[in-house]
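Below: one structure, written as structure tokens.
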Amino acid sequence: MQIRPFLSLNISLAACLLAPVAGAQTLPKPLPPPKSQDEKMQWFRQAKFGLFIHWGLYCIPAGEWKGKAIPGIGEWIMNRAQIPVGEYEQLAKQFNPVKFNAEAWVQMAQDAGMKYLVITSKHHDGFAMYHSQVSPYNVYDATPFHRDPLKELAAACARHNIRFGVYYSQWQDWHEKNGAGNTWDFGPEDTHDHDQYLRAKAEPQIKELLTGYGPMCLIWFDTPRTMTNEEGLRFIDIVHTLQPATLIDGRLGTKGDYRSMGDNRIPDSVVNEDWEVPATINHTWGFKKDDTDWKSPADITFKLVDIVSKGGNYLLNVGPTSEGIIPQASQDNLRAVGRWLKVNGEAVYGAGPTQFGDELGAPDPRNIDKSGKPVFVQATNWRCTTKPGKLYLTIFKWPGGSMEISKVKGHVKKAYILAGKKSVKIAQTGDTVKLTLPAAAPDPIASVVVLEQ
Ligand code: H79
């Protein structure tokens, strides 16, 4: 019959339009192998700002166990409260985040001006947040939710042109007797057969993630501890075989594609290699109900521009609740950063580090730390980011009237305020450029002055 192809086409079209809800998700094919390391890193160097998401069973206790507040980061509650596997597992039966909406999360990332998204596929607690065939201890098989949120997020990211990646804790696994970290159930670490764990769970799960979720922009490994170089290379081999374009972070226990700084550790000065800093928006990664100390839009914007001016990327975390909601304050603050980026993003995306350095701060010789080194005192007036022929001065503390920049390399032809392209008068003497500025700051968060050379 002639009509059949039309019918099936219409059905698949309808399925595609209804895709935001659970069920069949359309995912693009993985990317072709990059021709060089530069080509492989290209998107990462452009992106600069990513959304980290820590979501797992720990969002249910949300920092409290049996009526007691458990100090420290929320996703560590199983460890900090020494919860036996048999008890912690019971949380899965309660996990039913009916308000989860992949489309809404990805829309928020886009509104915030973020270009990639990295979500916990399995944290140290061992619970897979996707439909794994390797272990039934996963969100699809062990919970009443019975959906695969990673598949829904990967599809939403593809629709919004946001790159999708996963966090995977490859060494610690507090649910398995051979995983690292759980000594309260499984005894001392030297009785765990870590290599067996890698072969039986971590490696097969990484293979699943690289085959069922479309293009994986990166895998964010964490806490390699005593992992060997040889064990790290086995993961690299899997990634290179299945998705050669996927980046590997700096915490695999062997060399990755870029350097990962410590959690919330922004370096004091320029680091001349590809790097990223993972950071919290309050003081926890996984949701904690009593942590409401949110970083403000101005603070996040400063940290973003500061990081870009030092050559890095900012992977900023949110911790959704057990209902599937990203806390409203996180959403509001991120969207405010996004509004700033809509106007000033040219100074951030694809921008290189400062050509100065003195504006970053200086060590204080009168203040010596425990290791005998002078403590670095950060300056916060302005930052510089660069593109060929352009210097972007993002000014956080508006000087009012005028500003002098010294050690400028080369001749500055013209200057203007990025928002509205309003021209700024310049006078250059040698390597010093004097800018005549409006008395009041054009933007309450920060204003960008562009110097063209
Ligand atoms: O996923 C996030 C953290 O859970 C993870 N890395 C980021 C991205 C991470 N794993 N380990 N660490 C960070 C270092 C953890 C240190 C501590 Fe603790 C956890 C300090 C307090 C709780 C371990 C347990 C050391 C003291 C108690």
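The values are calculated or read from the model by the stated rules, or taken from the named source; none is laboratory data. Please read these numbers as outputs of a predicted model, since none were measured by experiment. Virtual Cβ from ideal backbone geometry, glycine too; neighbours counted across all protein chains shown. Calculation scope for accessible area: heavy atoms of the full protein, side chains included, ligands and nucleic acids excluded. Shrake-Rupley method; radii C 1.70, N 1.55, O 1.52, S 1.80 Å.
Data for the structure
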read-out	value
DSSP beta bridges in the chain [antiparallel fraction, %, rounded to 5]	55
Separation in nanometres of the label points that stand 7 Å from Cα toward Cβ, at Leu233 and Asn161	4.1
Residues of the chain: accessible area per residue with a 1.4 Å probe, Å²	44
Partner lysines for Lys68 [C-alpha distance under 18 Å; skip if fewer than 8 residues away on the same chain]	Lys288, Lys289
Taking all pairs of distinct alpha-carbon atoms in the chain, Kirkwood radius in angstrom	23.7
Pairwise label distance in nanometres, Lys422 with Asp364, each label 7 Å out on the Cα-Cβ vector	3.6
Burial ranking of peptide ranges 46-57, 403-414, 94-105 (average Cβ count within 10 Å, highest at the top)	46-57, 94-105, 403-414
Potential lengthening between Ala329 and Thr432 on full extension [0.36 nm per residue; Cα-Cα distance subtracted]	32.8 nm
Solvent-accessible area, 1.4 Å probe, carbon plus sulfur percent, for segment 235-331	47
Length gained when the stretch Lys413-Gln46 is fully extended (0.36 nm per residue, less Cα-Cα span)	129.5 nm
Value at 222 nm in deg cm²/dmol, rounded to 500, when DSSP H runs of n ≥ 4 in the chain each add -39,500 (n - 2.57)	-7500 deg cm²/dmol
Euclidean distance of C-alpha centroids, segment 349-399 and segment 33-52, integer Å	25
Pairwise label distance in nanometres, Ala200 with Ala439, each label 7 Å out on the Cα-Cβ vector	7.4
Within straight-line cross-link reach of Lys29, aspartates and glutamates at Cα separation under 15 Å, skipping those fewer than 8 residues along the same chain	Glu208
R0 of 30 Å, Cβ-Cβ distance Arg225-Glu273: FRET efficiency to nearest 0.05	0.80
Angle in degrees between helix 328-344 and the longest Cα principal axis of the chain, rounded to the nearest 10	40
Nearest-ten-degree value, helix 37-47 long axis tilted from longest Cα axis of the chain	80
Folded to 0 to 90 degrees: helix 229-242 orientation relative to the chain principal axis, Cα	90
Over 18 Å between alpha carbons, listed pairs Lys48/Lys414; Lys122/Lys151; Lys122/Lys207; Lys151/Lys342; Lys390/Lys414; Lys387/Lys413	Lys48/Lys414; Lys151/Lys342
